[in-house]
Amino acid sequence: MVFGDIGTSPLYAMREALAHSRGEAEAAALGVVSLVFWALILIVTVKYVVLLLRADNDGEGGTLALMALAQRAVGRRTPILFLLGICGAALFYSDGLITPAISVLSAAEGLASAPGVGVALEPYVLPAAGAILVGLFLVQSHGTAKVGRFFGPITLVWFLVLAALGILYIVQEPSILLGLSPHYGVRLLMENGLVGFAILGSVFLVVTGAEALYADIGHFGTGPIRVAWLGLVFPCLMLNYLGQGALVLSDPTAAANPFFRMIPEFAYWPILALTTAATVIASQAVITGAFSVTRQAVQMGLLPRIDIKRTSETIAGQIFVPQVNIFLMIGVLFLLVMFRNSSNLAAAYGIAVTATMVITIILAFVIMRRCWKWSLPVSLLITLPLLALDLTFLGANSLKIAQGGWFPLALGSAIVLLMWTWTKGARHLAEKAHQDSIPLLDLVETLRARPPHRVAGTAIFLTSQPDVAPVALMHNLKHNRVLHQKNVILTVVTTDAPKVPDGARVSVETPTPDFSRVTVCYGFMETPNVPKALTSARGQGLVFDIMSTSFFLGRRSVVPTRKGGMPLWQDRLFVFLMRNAANPTDFYRIPPGRVVELGAQVTV
């Protein structure tokens with residue numbers, strides 16, 4: 001399942017690389033096979049499987065998890081690490097759009113190569129791909145728990161079929177094995193001159209799913225991923241690429257579409273069905289990853305609260321984010337209509353992934369120095385060659401900006417702008433709230449001198465600043481002139497760790513008999529559930545009846561102003577994001593019937 005994305009690259013990677021190669025078919029086939037082999041060795045095996053799988057954040061991977069680990073190692077949120085993290089997350093959304101589009105469309109294009117009826121079916125390629133993708137997005141709200149159990153076996157069969165197809169042609173042209181030598185790859189690049197960069201950009205398509213190896217270690221662990229890659233996936237992929245190269249050696253015209261040309265006619269339709277299933281699984285993995293990244297971004301304060309639904313009561317990773325699902329569906333259909341075939345989409349694919357890989361290796365350098373305590377020479381000796389390799393592929397893919405590479409860059413920039421605006425606006429609001437507030441202990445002394453009317457029960461006030469009096473508390477005293485017998489100042493904190501142990505979930509302080517300060521901690525991979533956390537606080541002396549407890553939330557109506565800390569256009573964007581944020585009652589799983597909202601108007 002982890003390898004669904006990289007496992008569907010044989011559909012188009014060799015075709016695109018061969019299309020850019022000039023000269024004899026033999027030199028092109030041997031050279032491309034050589035570049036493919038060493039790309040899989042150096043980038044996937046050495047960089048990800050050997051090195052980066054060690055850089056896990058308490059068992060979790062991915063750009064945001066790596067950013068959080070680096071920040072924790074440094075001891076603070078630095079602007080550079082923060083920018084690298086949000087850029088990596090933004091580019092992942094671009095990958096989340098392009099992967100389903102290019103994978104499913106590549107499979108659907110098999111209809112145009114079907115024996116005897118390909119010409120008649122060619123007009124239905126795009127509608128078929130669109131129908132499959134729409135159906136995939138429509139079933140997301142139901143979760144994948146039931147169908148997910150079939151993903152692993154189907155993917156296993158897919159890799160075995162890839163290997164079998166490759167062996168079928170390798171035995172006919174064993175000379176293709178010479179392509180495993182780096183000599184042929186270097187010679188191809190030198191003979192093609194500047195066009196060699198275009199070949200490299202296409203060859204990079206064979207490793208576009210490598211980030212998934214790192215991002216999914218939280219679900220499967222490093223051991224199984226390493227064993228599966230080295231023992232099954234890498235050999236099967238390489239056998240297929242060798243088989244495609246062997247086919248081109250024997251029939252140079254097969255370079256136009258080597259994968260579908262290598263399928264025997266008697267097995268064409270079953271393998272086409274398997275191909276479609278494999279691309280759907282690859283797309284599902286990326287969509288689920290986008291949901292997971294969104295949850296991480298919300299928990300880290302990079303995005304406003306978003307409605308996140310759990311689709312399984314037993315599997316924590318089974319979530320559904322309606323807004324992201326709609327965004328992805330519209331974006332994928334836009335890509336299908338705009339680019340129309342997988343060759344055009346391939347031009348847009350590589351640049352988002354290569355940029356993410358550059359970010360990953362830079363963050364990994366910080367981990368080597370701060371977490372692993374490696375010396376500077378050793379860290380540079382390992383990092384610089386990998387960074388140079390990534391930058392080379394990034395440069396090669398940058399040649400495709402005009403042909404479609406602009407799309408992931410434009411989309412990534414827009415998402416970075418949203419994240420930057422949200423974090424900057426939220427920081428300004430927090431600073432303004434702190435300036436306009438009074439310390440909690442000062443308020444307690446004032447209430448002792450001038451006691452308000454007391455009512456029975458417990459009041460819980462949610463705030464991000466536990467040392468100052470919450471806005472909702474101040475408004476309750478000002479307008480209702482009452483104070484509950486017990487008052488809880490509740491702060492929900494997201495840590496740099498993916499998960500928080502239950503024993504460290506809640507901490508309780510009681511500065512006065514009337515007031516308690518409660519801090520609830522969640523990891524960035526967890527979904528908050530405040531009532532459940534408060535129940536676990538009973539062991540620390542916090543006793544209350546949920547049915548006689550009121551949750552007071554401060555709702556701020558934000559007004560843009562030219563005198564704020566951001567430009568007016570950014571103020572308006574922040575206000576738009578805030579107005580469309582999910583209700584905190586739903587986000588924190590608070591019973592709606594126990595919530596009291598008190599509003600205030602503020603400017604940014």
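Laid out as a table, the results:
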read-out	value
Unique match (being without any contact (Cβ under 8 Å) to a residue 40 or more places away in the chain and basic (Lys, Arg)) among Lys373, Lys400	Lys373
Hits in region 218-235 (condition: surrounded by 23 or more Cβ atoms within 10 Å (Cβ to Cβ) and of a type outside the set (Val, Ile, Thr))	Trp229
Qualifying residue in region 42-51 (condition: out of contact with any Lys or Arg (no Cβ under 6 Å at 6 or more places or on another chain) and closer than 19 Å to Ala290 by Cα)	no
Qualifying position, being open to solvent by less than 20 Å² (accessible area, probe 1.4 Å) and of a type in the set (Ser, Thr, Tyr), among Tyr214, Tyr184, Tyr169	Tyr214
Residues of region 470-498 satisfying the condition of being under 29 Å from Met300 (Cβ atoms), in contact with a helix residue (DSSP H, G or I) (Cβ under 8 Å, 6 or more places away or on another chain), β-branched (Val, Ile, Thr) and open to solvent by 10 Å² or more (accessible area, probe 1.4 Å)	Val471, Val492, Thr494
Boolean, Ala290 is open to solvent by less than 10 Å² (accessible area, probe 1.4 Å), under 27 Å from Arg72 (Cβ atoms) and either in contact with an Asp or Glu (Cβ under 9 Å, 6 or more places away or on another chain) or at pLDDT below 95 (or both)	yes
Tally, over region 110-124, of residues that are part of a helix (DSSP H, G or I), surrounded by fewer than 23 Cβ atoms within 10 Å (Cβ to Cβ) and in contact (Cβ under 8 Å) with a residue 60 or more places away in the chain	2
Unmet requirement for Ala346, which otherwise passes all of (1) at pLDDT below 95; (2) closer than 14 Å to Leu51 by Cβ	(2)
Which listed residue is in a helix (DSSP H, G or I), in contact with a Ser or Thr (Cβ under 6 Å, 6 or more places away or on another chain) and either at pLDDT below 90 or surrounded by 20 or more Cβ atoms within 10 Å (Cβ to Cβ) (or both), from Ala402, Ala352, Ala426, Ala433	Ala352
Given (1) modelled with pLDDT under 95; (2) out of contact with any Pro (no Cβ under 8 Å at 6 or more places or on another chain), index of the condition Leu384 fails	(1)
Sole exception among (1) without any contact (Cβ under 8 Å) to a residue 12 or more places away in the chain; (2) of a type outside the set (Phe, Trp, Tyr); (3) over 30 Å from Glu60 (Cα atoms) for Arg556, by number	(1)
Positions within region 499-528 being surrounded by fewer than 15 Cβ atoms within 10 Å (Cβ to Cβ), farther than 18 Å from Lys486 by Cα and touching a residue at least 24 places away in the same chain (Cβ under 8 Å), in sequence order	Asp502
Sole residue being at pLDDT 85 or above, in contact with a Pro (Cβ under 9 Å, 6 or more places away or on another chain) and at positive phi, chosen from Arg517, Arg589	Arg589
Residues (among the basic types (Lys, Arg) and under 21 Å from Val2 (Cβ atoms)) located in region 39-82	Lys47, Arg54
Failed criterion for Val50 (all others in (1) in contact (Cβ under 8 Å) with a residue 40 or more places away in the chain; (2) farther than 24 Å from Asn192 by Cβ hold)	(1)
Any hit, region 297-308, residues being touching a Gly at 6+ places or on another chain (Cβ under 8 Å), open to solvent by less than 30 Å² (accessible area, probe 1.4 Å), at pLDDT below 90 and assigned to a helix (DSSP H, G or I)	yes
Unmet criterion (only one of (1) more than 22 Å from Gly96 (Cα to Cα); (2) free of Cβ contacts under 8 Å to residues at least 40 places away in the same chain) for Ala410	(1)
Among (1) open to solvent by less than 70 Å² (accessible area, probe 1.4 Å); (2) in contact (Cβ under 8 Å) with a residue 12 or more places away in the chain; (3) part of a helix (DSSP H, G or I), the one test that Gln465 misses	(3)
Residue in region 329-341 that is assigned to a helix (DSSP H, G or I) and either in contact with a Phe, Trp or Tyr (Cβ under 7 Å, 6 or more places away or on another chain) or among the hydroxyl-bearing types (Ser, Thr, Tyr) (or both) present	yes
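One line per residue, one yes/no per condition, for (1) over 26 Å from Thr8 (Cα atoms); (2) surrounded by fewer than 18 Cβ atoms within 10 Å (Cβ to Cβ); (3) in contact with a Pro (Cβ under 9 Å, 6 or more places away or on another chain); (4) at pLDDT 90 or above:
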{"site": "Glu24", "(1), (2), (3), (4)": "yes, yes, yes, no"}
{"site": "Ala28", "(1), (2), (3), (4)": "no, no, yes, yes"}
{"site": "Gly31", "(1), (2), (3), (4)": "no, no, no, yes"}
{"site": "Ile41", "(1), (2), (3), (4)": "no, yes, no, yes"}
{"site": "Ala68", "(1), (2), (3), (4)": "yes, no, yes, no"}
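Residue by residue, here is whether (1) touching a Phe, Trp or Tyr at 6+ places or on another chain (Cβ under 9 Å); (2) part of a helix (DSSP H, G or I) holds:
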{"residue": "Val134", "(1), (2)": "no, yes"}
{"residue": "Ser141", "(1), (2)": "yes, yes"}
{"residue": "Phe159", "(1), (2)": "yes, yes"}
{"residue": "Gly166", "(1), (2)": "yes, yes"}
{"residue": "Gln172", "(1), (2)": "no, no"}
{"residue": "Arg187", "(1), (2)": "no, yes"}
{"residue": "Leu200", "(1), (2)": "yes, yes"}
{"residue": "Phe204", "(1), (2)": "yes, yes"}
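The values are calculated or read from the model by the stated rules, or taken from the named source; none is laboratory data. Owing to the predicted nature of the structure, the values given are computational and were not obtained by experimental measurement. Note: ideal-geometry Cβ built from the backbone for every residue, glycine included; neighbour counts use all protein chains shown. The protein model used for the area step is the full one, side chains on, heavy atoms only, and it has no ligands, DNA or RNA in it. Shrake-Rupley method; radii C 1.70, N 1.55, O 1.52, S 1.80 Å.
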